[in-house]
Amino acid sequence: MKDRLPPNDPAMERAVLGCILQNPSVADECASRFKVGAEVFFDLRHKRLYQVLVGMREQNIPIDSATVFSTLSRAQILNEVGGVAYLSGHVDDAVASNFEFYADALSECYMLRQASSACVSAVADVYDNQASADEVIIGIETKLASIRESRGTDDIVSAHKAANLLGDHLEVRYKLEGAKSGIVTGLHSFDAITDGLQYGELSIIGARPSQGKTALATTIVHRACICDGLPTLFITLEMSIAALCRRILSRHCRFGMKELKSGRFSGSDFGQFSAFNIKLANSPLYFMDSVGGNNVSRIVACIRRAVKSNGIKLVVVDYLQKIHASGKHEKRTYEVAEVSTALKAVAVELGVAMLALAQLNREPEKDKKRLPRISDLADSSQIERDADLISLLHRNTAENFGRDAWLIVAKQRDGEIGNCKLHFEGKYASFENSGPEENE
């Protein structure tokens, strides 16, 4: 193993350079595909020549045999890139129409080198006793995910391709025949405005403490997972798993939270508790207990594993500002911004519906009559930019025992905004529809 070179393909590297020499506009396509630039080349001669060709293109210097030899000679690096005979061979080795094949082969070798390097680095940490097993595994997963994301793709999409994408989208919507395109929450007015929680999007529910963020989350999880069987991952950073399950039990069995907490129930009640336990045990509900605190890299790695092994479709995070960033940041706002961006990125990458609860600042408390606004989201305006959907939960606890609630859809990237009237059942720590049921 020590004598073997990292993955590379000299013939493909020569062929890509040959395509640029034959058709200089290929250099622009390379810039789009190779996000890492010259690093995609393994041979130092090829790497150096690519840098020169890209530089010539940027300076509007024509690229042909004469200008390339002249540029290399003036820079005194002609021999460094292999000499005249070696350069001439690049053109002979390439067929311009096969550029995409050559470029894909180069990208594949580069990604294999990066993956190999990540594993070697992890092994070194193990032998140096610089990291725990969890840290090593999470580090590898994070690096591999970053490598995947860096795979070069063409940034330009033609109108013809865009029209095909639109046609495919409309056909999918037509086949739904009026059904929701996203995950049904069971809150009819909310589902009517949003068409459900959408896959590949980051949805935020913001509220002040004690307004019912977690109760709303367990209400949605009960409908989506326990009732509809949708594979769900609940990442809890504030409550224990037992407490969350107790809330879901209370809603499902319509048994008071107060009685459950105090143990004031009879032996006959155990029949329905047992039936719920069987239903819960057979449901595709998974938890990540992070009450002790967790960084965003660990959480994102957990989401990836859960999606791969359990087919997770809905991820609920309680709550966003409790997650720590991977590194140190000068300001808290920068840390929250990193977390928000990471959650949005993994939602898009894996195609899951990401529902994150978030804390609001104290502004709504200064004026009890004022409804919360997007600007009340605590710690970072980046949450506003990343989120596809932002809903703000409000209950006036001084009126009607806090039973009347509003879920304000304050931002929807692909739809309308509006206010949804809900009813809070404190006895069961859950939310119900306030008005007559609408078609789902």
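The values are calculated or read from the model by the stated rules, or taken from the named source; none is laboratory data. Given the structure is predicted, the values throughout are model-derived calculations rather than measurements. When we count neighbours, we look across all protein chains shown, and the Cβ atoms used for this are built from the backbone with ideal geometry, even at glycine.
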Would you confirm whether any residue within the range 204-211 is surrounded by fewer than 22 Cβ atoms within 10 Å (Cβ to Cβ) and within 24 Å of residue 311 (Cα to Cα)?
-> no
Quick check, is residue 305 at pLDDT 90 or above, basic (Lys, Arg) and either within 26 Å of residue 184 (Cα to Cα) or not in a strand (DSSP E or B) (or both)?
-> no
Members of the range 378-401 found to be more than 18 Å from the chain's Cα centre (by Cα) and either at pLDDT 85 or above or under 14 Å from residue 419 (Cβ atoms) (or both), listed by number | 391, 392, 393, 394, 395, 396
Would you pick out the residues in the range 266-296 that are touching an Asp or Glu at 6+ places or on another chain (Cβ under 9 Å) and loosely packed, with under 15 Cβ neighbours inside 10 Å?
-> 269, 291
Hey, does the range 34-54 have a residue that's exposed (fewer than 13 other Cβ atoms within 10 Å of the Cβ), outside any helix (DSSP H, G or I), free of Cβ contacts under 8 Å to residues at least 60 places away in the same chain and acidic (Asp, Glu)?
-> no
Name the one entry in 339, 348, 352 that is surrounded by fewer than 21 Cβ atoms within 10 Å (Cβ to Cβ) and at pLDDT 85 or above.
-> 348
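For every residue, the table says whether it meets (1) exposed (fewer than 14 other Cβ atoms within 10 Å of the Cβ); (2) free of Cβ contacts under 8 Å to residues at least 40 places away in the same chain; (3) part of a helix (DSSP H, G or I).
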site	(1), (2), (3)
62	yes, yes, no
67	yes, yes, yes
77	no, yes, no
85	yes, yes, yes
92	yes, no, yes
100	yes, yes, yes
103	no, no, yes
109	no, no, yes
Could you list all residues from the range 104-150 that are modelled with pLDDT under 70 and more than 23 Å from residue 302 (Cβ to Cβ)?
-> 129
